[in-house]
1. Using beta carbons and a limit of 9 Å, which pairs, at least six apart or on different chains, have the first residue in the stretch 16-35 and among the β-branched types (Val, Ile, Thr) and the second one in a loop (DSSP other than H, G, I, E, B) and surrounded by 14 or more Cβ atoms within 10 Å (Cβ to Cβ)?
2. Inside the stretch 41-53, can you point out the residues that are in contact (Cβ under 8 Å) with a residue 24 or more places away in the chain and within 14 Å of residue 3 (Cα to Cα)?
3. When you go through 13, 3 one by one, which is the residue that is modelled with pLDDT under 95 and exposed (fewer than 12 other Cβ atoms within 10 Å of the Cβ)?
4. Looking at the stretch 43-61, can you tell me whether even one residue there is modelled with pLDDT under 85 and under 17 Å from the mean Cα position of the chain (by Cα)?
5. Out of the residues in the stretch 16-60 that are aliphatic (A, V, I, L, M) and not in a helix (DSSP H, G or I), which is surrounded by the most Cβ atoms within 10 Å (Cβ to Cβ)?
Amino acid sequence: MLGELRAARVALGLTQGEVGRRLGRGDQFVSKCETGDRRLDPIDLLRFAQLYRRPVTSFLPVLPDARNDAAPRRRRTSRG
């Protein structure tokens, strides 16, 4: 996520100061979010996504799907 925040900002040609002003925060806020020194709450993440015109999911890590990691299980049936 961290690299994606910076990459999205740079792709739009924005400085950390410009982003901070548009979000009503300072450039230090943006810097700390980009470096991982500050955790983002969902509202801040949504605001970054809207400003950068990207889906929120583009800033989230891809996690393995636990359902795909396990071997398929056979359903037991009772025979009587």
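1. Pairs that qualify, where the first residue is among the β-branched types (Val, Ile, Thr) and the partner is in a loop (DSSP other than H, G, I, E, B) and surrounded by 14 or more Cβ atoms within 10 Å (Cβ to Cβ), are 19/25.
2. 48, 52
3. On the way: 13 fails: modelled with pLDDT under 95.
Exactly one of 13, 3 is modelled with pLDDT under 95 and exposed (fewer than 12 other Cβ atoms within 10 Å of the Cβ), namely 3.
4. Going through the stretch 43-61, the residues modelled with pLDDT under 85 turn out to be 61.
Cutting the leftovers down to under 17 Å from the mean Cα position of the chain (by Cα) gives us 61.
Within the stretch 43-61, one or more residues are modelled with pLDDT under 85 and under 17 Å from the mean Cα position of the chain (by Cα).
5. 40
The values are calculated or read from the model by the stated rules, or taken from the named source; none is laboratory data. Please read these numbers as outputs of a predicted model, since none were measured by experiment. Cβ atoms come from the backbone with ideal geometry, glycine included; neighbour counts cover every protein chain shown.
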